[in-house]
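Novice: Supplied in structure tokens, the structure appears directly below.
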Amino acid sequence: MALINVAAREIHCKIVYYGPGLCGKTTNLKYIHSAVPGHAKGDLLSIATETERTLFFDFLPLDLGQVHGFQTRFHLYTVPGQVLYERTRVAVLNGADGVVFVADSQQSKLRENIQSLQELARNIQAQGKKFLEFPLVLQYNKRDMPNAVPVEVLDHYLNSSIKVPRFEAIASKGDGVFDTLKSISKLVISKL
């Protein structure tokens, strides 16, 4: 739920990057942080395990201008994708205004993508929100991998019933990263 500070004329929105382990959630945030001018961003905080996976969250306050005279700030988080961190994912997802679901395009990750998206739907519904009405964007990451599943197959398994905006990406190169961010930002703002 967006935090509106009337006295400061600010709207704070929370966007969570969600998906299976090693799909590119943290890579998205790192790329955004490296490309955004210094005056429009805060520090990128990361807590990782020995294997460099995100253990808790990355946080990036991003200033995206004004809406009806209010300064908007987007706080970007990632969740840990590993199965054993489901409680942490639930905690980070709490209060989210929108979600970017990052899917790993590799054939071997299709089942993990499906399971992670199903878990996301359950977690959003457990917060009393309607999954099909919740601001959500899909990102098909790692499109440069030789074993990448065709987009039509990913659409069939991940987007056929929800029909949300989706973008192809190579987050490590920045391809599709800002298209995804722009889309989820617009969805979140339109819900406000």
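Novice: Efficiency by 1/(1 + (r/R0)^6): what FRET value for residue 107 and residue 87, r their Cβ-Cβ distance, R0 = 41 Å, to the nearest 0.05?
Specialist: Once the sixth-power term is evaluated, E becomes 0.90.
Novice: Using just the Cα positions, wrap the range 147-189 in a convex hull and report its mean projected area in square nanometres, one decimal place.
Specialist: So the Cα hull casts an average projection of 3.6 nm².
Novice: Write down the Kirkwood hydrodynamic radius of the chain, to one decimal in angstroms, obtained as one divided by the mean of 1/r over all alpha carbon pairs.
Specialist: 16.7 Å
Novice: What are the ³J(HN,Hα) couplings of the range 155-172, residue after residue, when phi is run through the Karplus curve with 6.51, -1.76, 1.60 and θ = phi - 60°? Round to Hz, x for glycine and proline.
Specialist: 4, 4, 7, 10, 10, 5, 9, 9, 6, 9, x, 9, 9, 7, 8, 10, 4, 5
Novice: Here's a follow-up. For residue 94, enumerate residues with amide H under 5 Å from its amide H, sequence gap 5+ or separate chain, H modeled in the peptide plane.
Specialist: none
Novice: At 0.36 nm per residue, and after removing the present C-alpha to C-alpha distance, how many nm does the segment from residue 160 to residue 63 gain when stretched out fully?
Specialist: That works out to 31.6 nm of additional length.
Novice: By DSSP, what percent of the beta bridges with both residues in the chain are antiparallel, rounded to the nearest 5?
Specialist: 40 percent
Novice: Leaving out ligands and nucleic acids, note down the accessible area per residue over the chain with a 1.4 angstrom probe, in whole Å².
Specialist: 50 Å²
Novice: Still on this structure, I have one more. What percent antiparallel are the DSSP beta bridges of the range 91-171, to the nearest 5?
Specialist: Around 10 percent antiparallel, to the nearest 5.
Novice: Just flag the GluC sites (Glu not before Pro) in the range 109-160 sitting in loop per DSSP whose Cβ has no more than 10 other Cβ atoms within 10 Å. Don't skip to the end; give the middle numbers.
Specialist: Numbers: sites: 112, 119, 133, 152; in loops: none.
Those that pass, being in a loop and sparsely packed, number zero.
The values are calculated or read from the model by the stated rules, or taken from the named source; none is laboratory data. These figures come from a predicted structure and were not determined experimentally. Here Cβ is always computed from backbone atoms with ideal geometry, including for glycine, and neighbour counts include all displayed protein chains. Ligands, DNA and RNA are excluded from the accessible area calculation, which covers all protein heavy atoms including side chains. Shrake-Rupley method; radii C 1.70, N 1.55, O 1.52, S 1.80 Å.
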